[in-house]
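The values are calculated or read from the model by the stated rules, or taken from the named source; none is laboratory data. Values in this document were obtained by computation on a predicted structure and should not be read as measured data. Don't worry about glycine lacking a Cβ; one is built from the backbone with ideal geometry, like all the others, and counts go over all protein chains shown. Calculation scope for accessible area: heavy atoms of the full protein, side chains included, ligands and nucleic acids excluded. Shrake-Rupley method; radii C 1.70, N 1.55, O 1.52, S 1.80 Å.
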Amino acid sequence: MDLGDDEGFDGTEFDADALEEELRQAAAVLDPLPAGLLQLAMDAYILHDLDARVAELTFDSLVDAIPVRGAEDPPRMLTFQAGGLTVDVEVTGDGLLGQVLPPQSARIEVLGGPAVAHPLTVDGMGRFASDTPPSGPFALRLRTGGDVIVTEWLRA
């Protein structure tokens with residue numbers, strides 16, 4: 001008896017698609033996927049940009065800066081680079097300040113996991129600001145012309 005063919009043990013046709021569907025239905029009843037997990041998976045997929053370039057973190061003041069004596073709660077300074085584009089970001093308890101270099105028009109969104117992306121306005125000098133500090137992991141998505149650039153995810 002060849003187990004690689006499509007016949008069952010009793011010689012009848014074996015329908016793998018029907019079996020798969022029955023197993024899916026049984027799993028849905030006996031071990032359902034939590035709604036919150038399903039929503040997180042869908043939100044993560046929505047945030048995924050297949051054509052996006054990833055901007056490399058080239059400076060992080062938590063790692064690269066020399067501590068200043070007496071400075072309490074200094075802002076976190078971040079620099080990201082993708083090709084010829086640089087994004088400088090200052091993260092404070094009051095929000096974000098940043099600049100795209102060379103200055104150009106861009107749309108920037110602050111991504112915060114499953115939360116809705118917060119769009120930021122970029123002025124003619126490439127500057128942007130947000131009065132809402134990121135809470136938890138965040139990333140920036142920049143749309144410049146036809147390019148989409150996403151920064152690495154960081155914790156605020």
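Where does the charge balance sit around ASP60 when Lys and Arg score +1, Asp and Glu -1, over other residues with C-beta under 15 Å from its C-beta?
Values: positive: ARG76, ARG155; negative: GLU56, ASP64, ASP88, GLU90, GLU152.
Overall, the nearby charge balance is -3.
Remark: spin-label model distance VAL54-GLU20 equals 3.0 nm, labels positioned 7 Å along the Cα→Cβ axis.
With every protein chain left in place, what is the accessible area per residue of the stretch 103-147 in square angstrom, probe 1.4 Å?
Numbers: 2430 Å² over 45 residues.
Averaged over the residues of the stretch 103-147, the accessible area is 54 Å².
Over all other residues within a Cβ to Cβ distance under 12 Å of SER130, the charged ones net out to -3, with Lys and Arg as +1 and Asp and Glu as -1.
When the solvent-accessible area of the stretch 77-118 is split by element, carbon and sulfur atoms take up 57 percent of it, the probe being 1.4 Å. Solvent-accessible surface (1.4 Å probe) assigned to LEU97 amounts to roughly 90 Å².
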